[in-house]
1. Given (1) farther than 20 Å from VAL294 by Cα; (2) surrounded by 13 or more Cβ atoms within 10 Å (Cβ to Cβ), identify the lone condition not met by SER357.
2. Being touching a Pro at 6+ places or on another chain (Cβ under 9 Å) and without any contact (Cβ under 8 Å) to a residue 40 or more places away in the chain is the filter here, so list the residues in segment 199-208 that pass it.
3. Out of all the residues in segment 316-344, which are assigned to a helix (DSSP H, G or I) and of a type in the set (D, E, K, R)?
4. Checking the conditions here, which among GLU139, GLU155 is within 24 Å of VAL294 (Cβ to Cβ), surrounded by 18 or more Cβ atoms within 10 Å (Cβ to Cβ), at pLDDT below 95 and of a type outside the set (Val, Ile, Thr)?
5. For segment 281-329, name all the residues that are more than 21 Å from ARG153 (Cα to Cα), of a type outside the set (Ser, Thr, Tyr) and out of contact with any helix residue (DSSP H, G or I) (no Cβ under 9 Å at 6 or more places or on another chain).
6. Under 7 Å between Cβ atoms, which residue pairs at least 6 apart in sequence (or on different chains) link something in segment 175-197 that is more than 14 Å from CYS242 (Cα to Cα) with a partner that is surrounded by fewer than 17 Cβ atoms within 10 Å (Cβ to Cβ) and hydrophobic (A, V, I, L, M, F, W, C)?
7. Check ILE88 against each of (1) surrounded by fewer than 15 Cβ atoms within 10 Å (Cβ to Cβ); (2) within 20 Å of the chain's Cα centre (by Cα) and name the one condition it does not meet.
8. How about segment 306-320: which of its residues are surrounded by fewer than 22 Cβ atoms within 10 Å (Cβ to Cβ) and either farther than 18 Å from PRO280 by Cβ or free of Cβ contacts under 8 Å to residues at least 60 places away in the same chain (or both)?
Amino acid sequence: MRLAEMLSYADIDQLHQLASTYACDCNINSKNELIQSLLTSIKRDSNITEQLETLKKEELHFLMYIVFDSRTSFTLEDLRAKAKFSYIQDLDRDTYRKLVSVALKKGWIFRGLSKNAGSSFQVPEDMRQRWAKLILRMELGDQPKYQEPSFYRDEGYALVQDLQQLLTYIERHQPPLTSEGVIYKRNQQQIMELMAVQEELVEKGGWRFGYGRHFREYPDRFSLLYDFCYYRGYLKEDPGACLWLTPQAEEARQLPHEVLSTELYKFWLRVYKRPISGLPMFARLIGKAAEAWVSEEVLVEMLGTKIRSYYYDKEESIARNRILKMMVHLGLLRKGLLEEEVWGFQTTTIGRNLLESVEGYVMKDIVLDRKVEKP
């Protein structure tokens with residue numbers, strides 16, 4: 001529903017509240033005149049830009065969580081969760097409720113219009129698009145227009161192809177496992193040599209937890225692949241003995257690449273959004289910001305103020321390694337050399353389709369960690 005329709009259905013108290021917020025100079029006793037004045041004030045780009053520039057950091061973050069969500073209707077609990085994500089630290093519930101009240105006062109959301117709407121809230125669809133456009137302009141600033149790089153990496157469906165390689169290797173070799181259920185390094189290396197995208201094996205020591213069952217022992221991309229297969233029931237671990245392929249693995253061989261790619265993206269969101277609060281919004285934000293080539297440093301800086309650190313994983317590391325790098329592995333982004341020592345990203349066709357069609361907020365988290373281990 002568009003803003004004009006929402007204003008028409010809004011009660012007079014909210015209209016008066018909005019008129020006060022936007023300092024409308026009109027006859028507030030005339031609903032028609034009030035609505036026309038509000039439409040002009042709220043939709044004017046200069047007014048939106050001025051409002052965005054004067055918002056508190058948490059208010060801007062909250063608006064971003066609304067506009068970079070494909071849904072236009074939210075429950076009160078949805079909004080309170082978004083309000084919580086908007087703060088870098090955990091605060092009390094009253095603080096989150098106040099942020100929802102700010103959104104109502106500024107016309108970012110309106111109460112549900114139907115009798116069965118209950119405590120639902122709606123976002124004006126036409127304004128959601130304009131807010132998103134102007135937020136991106138403000139977040140990115142004046143960016144150079146980069147030419148198509150002579151060198152770039154687009155992994156496409158390589159993750160799906162390597163999933164098939166992993167299953168084939170396990171079927172043929174039934175690799176032995178340690179007493180903790182981990183594939184031995186020599187077998188890990190053999191698997192890596194079969195894959196289109198190879199990673200360095202994880203060295204002993206340091207910390208690695210929070211992003212999967214065997215994240216401590218396996219490299220990032222391989223860990224995601226392995227956990228996906230485990231979660232879908234394609235693998236059976238026999239610690240101290242070996243790793244088996246189950247009959248369910250046939251599913252992975254039957255599903256089209258497009259379907260498996262979508263399922264892998266959903267799985268990544270569900271596993272990673274527990275340690276990275278707000279990940280679905282970050283992914284959509286990056287997808288929009290990188291419609292044209294944009295430098296890695298700009299994206300890292302944009303994300304850095306919105307990400308919470310996770311134990312020993314700091315904001316910059318999360319932006320570079322947990323989000324941008326994994327979005328390349330998932331085929332959502334391609335990475336290229338824009339200028340000498342300047343790397344950047346652009347959203348792929350696969351990425352545009354997945355980022356628009358998959359709504360990560362409605363999916364439950366998946367917790368796969370065996371235990372949290374600290375160094």
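1. (2)
2. Start the filter on segment 199-208 by keeping residues that are touching a Pro at 6+ places or on another chain (Cβ under 9 Å), which leaves 199-202, 205-207.
Correct list: GLU199, GLU200, LEU201, VAL202.
3. Just the residues of segment 316-344 that are assigned to a helix (DSSP H, G or I), to begin with: 316-329.
Those that are assigned to a helix (DSSP H, G or I) and of a type in the set (D, E, K, R): GLU316, ARG320, ARG322, LYS325.
4. On the way: GLU155 fails: at pLDDT below 95.
Only one candidate passes the filter, namely GLU139.
5. Matches in segment 281-329: LYS314 only.
6. Final answer for the pair search is GLN189/LEU201.
7. Just one mismatch for ILE88, condition (1).
8. Going through segment 306-320, the residues surrounded by fewer than 22 Cβ atoms within 10 Å (Cβ to Cβ) turn out to be 308-317, 320.
Matches in segment 306-320: SER309, TYR311, TYR312, ASP313, LYS314, GLU315, GLU316, SER317, ARG320.
The values are calculated or read from the model by the stated rules, or taken from the named source; none is laboratory data. Worth saying up front: this structure is predicted, and the values here are computed from it rather than measured. Cβ: placed from backbone, ideal geometry, glycine included. Neighbour counts: every protein chain shown.
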